[in-house]
């Protein structure tokens, strides 16, 4: 029996089923990353992006297409992480444009939605590359136009579109030789197909979303990152015992004055306050000893949904640790905001993404206002970058992503900022970001500094030393699980069994006759003694270069190096 229309309730379940499917498959998708590094993150980034939207979608009780489209588009937009996540959010954004004013989706609207999804995603990428998720999306859009020109059956049409999407995915190794050599298909494309197959199975009654909770299960940090003694946190130190969360479905106007009043009330009964208004909803989180007071206040603005109350004194220590982190972060942000509000607005400010205490300290000493925890091991979301920019009390804010997989999210955040100018310096590594900040000149215009920072940044060649998590072949080099790899700006530079030797080989590939400075940032898994010994060897090998040693403290990467 055919399916001629899809209503908002069915689309909601299909979307959640797609989110459920990729959440279950994210580690498998991570393993498709070409470089066998211990931080393959495509599956994780796409999952966290869609889960951000799924949380908004789950909060809708009786959605229409307009409210559902808004929840999908805005949720994914703000939660987008990494290039794959940003592109996925743009696919959702484009898909929802033709459907938001409709009561149901039919074959004509479906074809237009697939088309707009592909077009919007391509426009979001400055230099689209074929053999990626974009290729798969475009192929399915073209197939949708053909299929729905001959049939009104959405189920049959989607079956053929997904079948063609799999075919396009199978071609990606032929379009990108690096995929073929590694023996994998494009991980972003695989993630997209995973979402669509979950959605299709829901339409066919094979997959259900009963009991599905739209939240990302935290994964343990790689290496030794984040290891702390949870037993050190005592339940007796908890001042407010109930973690209370709910969403207010607004039934009357709610302006900035109302939001401030609500926050003030929540502050009077608890701490760790989160109160975010977004059009017709308000998301609330508070630690309090009387959840009923928070709920009563919320009811004065509208009806409540997604209510959740946890007794934190009875939670597992791991949960308590996370709550303590949230509280500390909220307090630090509040202090930063209060300090910013007390000072006159600056002309220029800086936001940088960084990993490791040593590197964050360097950025701080260079005058960077906001440093976002992140990098290759965890890409910050569009919302993370947006929030950091908004905390900087400046007319113009320079954003340094310091990772090629974060640039798109930074550019997306730039488009969402209001009331200040944002300039994204497309730094692909931390050394490039440091060079960019160093070359900022007071007194020059923002445009002049942007040009100078970009120019100087291009003089920096970077390398990162890490280990392989699986066997593969890259650039005709055979890599075994556990091997040490030196990764450069454009690919693999060295492979070996020894950290020091591989680092030396990597730097040798970066140094040329014009090189003057070699900078070495050692990670959390390297001792200061070993780093100093390596520095001595570099000074002996390259007497014409100045060698600088810095404690980076970064996880995953034994060394981050740069040559200028």
- When you look at residue 85, is it buried (at least 23 other Cβ atoms within 10 Å of the Cβ) and over 15 Å from residue 199 (Cβ atoms), yes or no? yes
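So which of 480, 420 ends up being out of contact with any helix residue (DSSP H, G or I) (no Cβ under 8 Å at 6 or more places or on another chain), in contact (Cβ under 8 Å) with a residue 12 or more places away in the chain and over 21 Å from residue 127 (Cα atoms)?
On the way: 420 fails: out of contact with any helix residue (DSSP H, G or I) (no Cβ under 8 Å at 6 or more places or on another chain).
Among 480, 420, only 480 is out of contact with any helix residue (DSSP H, G or I) (no Cβ under 8 Å at 6 or more places or on another chain), in contact (Cβ under 8 Å) with a residue 12 or more places away in the chain and over 21 Å from residue 127 (Cα atoms).
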- Restricting attention to segment 431-441, which residues are without any contact (Cβ under 8 Å) to a residue 60 or more places away in the chain and either over 18 Å from residue 401 (Cα atoms) or under 23 Å from the mean Cα position of the chain (by Cα) (or both)? 436, 441
- Failed item in (1) over 22 Å from the mean Cα position of the chain (by Cα); (2) assigned to a helix (DSSP H, G or I); (3) at pLDDT below 95, with residue 63 passing the rest: (2)
- Item | Of residues in segment 373-405 being under 17 Å from residue 359 (Cα atoms) and modelled with pLDDT of 90 or more, the one surrounded by the most Cβ atoms within 10 Å (Cβ to Cβ) | 399
- Query: How many residues does segment 132-180 hold that are under 21 Å from residue 84 (Cα atoms) and in contact with a strand residue (DSSP E or B) (Cβ under 9 Å, 6 or more places away or on another chain)?
  - Reply: 1
- Query: Going through segment 521-548 one residue at a time, which ones are out of contact with any helix residue (DSSP H, G or I) (no Cβ under 8 Å at 6 or more places or on another chain) and assigned to a strand (DSSP E or B)?
  - Reply: 546, 548
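Check 447, 456 and return the single one that is touching a helix residue (DSSP H, G or I) at 6+ places or on another chain (Cβ under 8 Å) and at pLDDT 90 or above.
On the way: 447 fails: touching a helix residue (DSSP H, G or I) at 6+ places or on another chain (Cβ under 8 Å).
Only one candidate passes the filter, namely 456.
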- Query: Any idea which residue in segment 159-175 is modelled with the highest pLDDT, counting only those that are closer than 21 Å to residue 472 by Cα and buried (at least 20 other Cβ atoms within 10 Å of the Cβ)?
  - Reply: 169
- Message: Which count do you get for residues in segment 289-300 that are crowded, with 19+ Cβ neighbours inside 10 Å and under 22 Å from residue 257 (Cβ atoms)?
- Response: 2
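Do we have any residue at all in segment 111-118 that's part of a helix (DSSP H, G or I) and under 21 Å from the mean Cα position of the chain (by Cα)? Walk me through it before giving the result.
First, pick out the residues of segment 111-118 that are part of a helix (DSSP H, G or I): 111-118.
With the extra rule that they be under 21 Å from the mean Cα position of the chain (by Cα), the set shrinks to 117-118.
There is at least one residue in segment 111-118 that is part of a helix (DSSP H, G or I) and under 21 Å from the mean Cα position of the chain (by Cα).
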- Message: Any residue that is without any contact (Cβ under 8 Å) to a residue 40 or more places away in the chain and part of a helix (DSSP H, G or I) - is there at least one of those in segment 125-137?
- Response: no
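From the list 14, 51, which one is surrounded by 19 or more Cβ atoms within 10 Å (Cβ to Cβ), under 13 Å from the mean Cα position of the chain (by Cα), on the phi < 0 side of the Ramachandran plot and not in a loop (DSSP other than H, G, I, E, B)? Don't jump to the end; show me each part of the working.
On the way: 14 fails: under 13 Å from the mean Cα position of the chain (by Cα).
Going through 14, 51 in turn, just one is surrounded by 19 or more Cβ atoms within 10 Å (Cβ to Cβ), under 13 Å from the mean Cα position of the chain (by Cα), on the phi < 0 side of the Ramachandran plot and not in a loop (DSSP other than H, G, I, E, B): 51.
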- Query: What is the number of the single condition among (1) under 27 Å from residue 406 (Cβ atoms); (2) surrounded by fewer than 23 Cβ atoms within 10 Å (Cβ to Cβ); (3) modelled with pLDDT of 90 or more that residue 109 does not meet?
  - Reply: (1)
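Tell me, please, whether a residue that is within 21 Å of residue 410 (Cα to Cα) and in contact with a helix residue (DSSP H, G or I) (Cβ under 9 Å, 6 or more places away or on another chain) can be found in segment 28-35.
Within segment 28-35, the first condition is being within 21 Å of residue 410 (Cα to Cα), and the residues that meet it are none.
Checked segment 28-35: no residue is within 21 Å of residue 410 (Cα to Cα) and in contact with a helix residue (DSSP H, G or I) (Cβ under 9 Å, 6 or more places away or on another chain).
The values are calculated or read from the model by the stated rules, or taken from the named source; none is laboratory data. Fair warning: this is a prediction, and the values are worked out from it, not measured in the lab. Neighbour counts are summed over all protein chains in view; Cβ atoms, including those assigned to glycine, are modelled from backbone coordinates with ideal geometry.
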